[in-house]
Amino acid sequence: MTHKKAPVRSIPDLDNLKICIIGLGYVGFPLARLFATKYPTVGFDINPQRVGELNEGHDSRLEIPDGLVAEALTRNNLLLTSDIADMVDCNFYVVAVPTPVREKNVPDLKPLLGASELVGKVLSERNVVVYESTVYPGVTEEMCVPVLERVSGLRFNEGFYCGYSPERVNPGDRLHTVETIRKVTSGSTPEVADLIDKVYGSVLINGTFKASSIKVAEASKIIENCQRDVNIAFFNEIAKILHAIGLDTEEVTEAAASKWNFIRMKPGLVGGHCISVDPYYLIQKAREHDINPELLVSARATNENMGEYVARQVIDLMNRRGIMVKDADVLILGFTFKENCPDTRNTKVVEIRDVLKEYTSNIDVVDPLADARDVADVYGIGLKKWTAGAGTDKKYDAVILAVAHREFTGLDVRGLLKDSARGVVYDVKGVLPREQVDGRL
């Protein structure tokens, strides 16, 4: 008995691509701008305000300078829109939407599945859909593909194809930008994997790494962030131990780093939308396979509690200096989850403030990059006005440098104290001159 071969389905031609990026956040918009340097590109976002600000030439995420935004728009190769009709003529879709967690840190795939449904409505024969959102292995093929099939009426690997190329954007980093970071790529068939690899490789300076499967690519991304989480947790735990002993973490690390294979990192607060979230996706997947990921769970617990630890250290220093913590005036410098970035998602600075609020309501928070309206809406905190070079119009009993924004570089922190000799300066980031600080991680 002979079997007929399935007909060979063609895939889009590299020379006739029209790309659509779904989601214009920290990942999507830089990618859309980059693809538009070579291909007709549509950038889609469900938030018309985000689309509006970008069309006016400004990226409030501060990832792309206004000059480059304007240049991309005037090239007539980039359309930014909230209208699904503008997506219809595209044949290469890239999904770059958030993958957050819900209550009790349960992975929330609603944004990803919602984006898949959106793409399914415009999907045509021979189209390719690439996912960039961080997920546990299996999500693309086991959860997203069925949505695409159901909504489009097309069959996977016959009517349409998929791939996965995990985002590697580092918000606030001007060195490792989207065009310079090497990207992992993958596809649902060898031919599609080659196409996706060529598409990304055509706009990236340092090329690509083609994984053998979509699941391998998914797994590679999530262990990147899990590794960072575990490493930072290790240094956070070491910092606690060394502080209890009476040793300076930076001095000990400097000595240890004299060995060639010592991996040097710093303790700190772990917030944001990646390292503080993604491990929960792998933790859930491990538990589905009856594996208890003790190290990942422990690392998450350690890092989740660092905001409270910092606050308790500041309180202890104030008590030792004879400063009444009750009703004390405290200044927190920085509120975003990391330096030189306006992103306040999952910031652990809020936990420092929450603990201090048990003792005093006189806490001012300043951040020259954070959106004051977002901070007020999400956290119920009013940011105090910060004047570059002048600081604030008030003096404090304690100052906490929580985020090392460039705007705080060279700041006379002790000059912000009521009593420069007796007041407390705590440096979470370990960037201030040692002689200026009374405590640091």
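Would the stretch 116-123 turn up any residue that is outside any helix (DSSP H, G or I) and farther than 17 Å from residue 44 by Cβ? No; the residues of the stretch 116-123 include none that is outside any helix (DSSP H, G or I) and farther than 17 Å from residue 44 by Cβ. Among the residues here, residue 47 does not qualify as surrounded by fewer than 20 Cβ atoms within 10 Å (Cβ to Cβ), touching a strand residue (DSSP E or B) at 6+ places or on another chain (Cβ under 6 Å) and either of a type outside the set (Lys, Arg) or over 22 Å from residue 372 (Cβ atoms) (or both). Any idea which residue in the stretch 129-153 is nearest to residue 275 (Cα to Cα), counting only those that are touching a Gly at 6+ places or on another chain (Cβ under 7 Å) and of a type in the set (A, V, I, L, M)? Among those residues, the one meeting the criterion is 130.
Can we say residue 240 is in contact (Cβ under 8 Å) with a residue 12 or more places away in the chain, charged (D, E, K, R), in a helix (DSSP H, G or I) and closer than 26 Å to residue 11 by Cα? It is false that residue 240 is in contact (Cβ under 8 Å) with a residue 12 or more places away in the chain, charged (D, E, K, R), in a helix (DSSP H, G or I) and closer than 26 Å to residue 11 by Cα. The residues in the stretch 300-317 that are under 19 Å from the mean Cα position of the chain (by Cα), open to solvent by 10 Å² or more (accessible area, probe 1.4 Å) and touching a residue at least 60 places away in the same chain (Cβ under 8 Å) can be counted, and the count is 0. Just one residue in the set 364, 377 is free of Cβ contacts under 8 Å to residues at least 40 places away in the same chain, assigned to a helix (DSSP H, G or I) and not small (Gly, Ala, Ser); that residue is 377.
Being of a type in the set (Phe, Trp, Tyr) and buried (at least 22 other Cβ atoms within 10 Å of the Cβ) is a condition met by no residue of the stretch 208-215.
For residue 96, the stated conditions do not hold, so it cannot be described as crowded, with 19+ Cβ neighbours inside 10 Å and modelled with pLDDT under 95.
One residue stands out in the stretch 150-163 among those that are open to solvent by 60 Å² or more (accessible area, probe 1.4 Å) and in contact (Cβ under 8 Å) with a residue 12 or more places away in the chain: the one that is nearest to residue 92 (Cα to Cα), namely 158. Taken over the stretch 380-430, residues that are part of a loop (DSSP other than H, G, I, E, B) and either open to solvent by 10 Å² or more (accessible area, probe 1.4 Å) or basic (Lys, Arg) (or both) amount to 26. Filtered by the rule that a residue be surrounded by 14 or more Cβ atoms within 10 Å (Cβ to Cβ) and of a type in the set (Ser, Thr, Tyr), the stretch 50-76 gives no residues.
The values are calculated or read from the model by the stated rules, or taken from the named source; none is laboratory data. Here the structure is a predicted model, which is why all the values come from computation and not from measurement. Positions of Cβ are backbone-derived with ideal geometry, glycine not excepted, and every protein chain shown enters the neighbour counts. When the accessible area is computed, the model is the full protein with side chains, heavy atoms only, and any ligands, DNA or RNA have been set aside. Shrake-Rupley method; radii C 1.70, N 1.55, O 1.52, S 1.80 Å.
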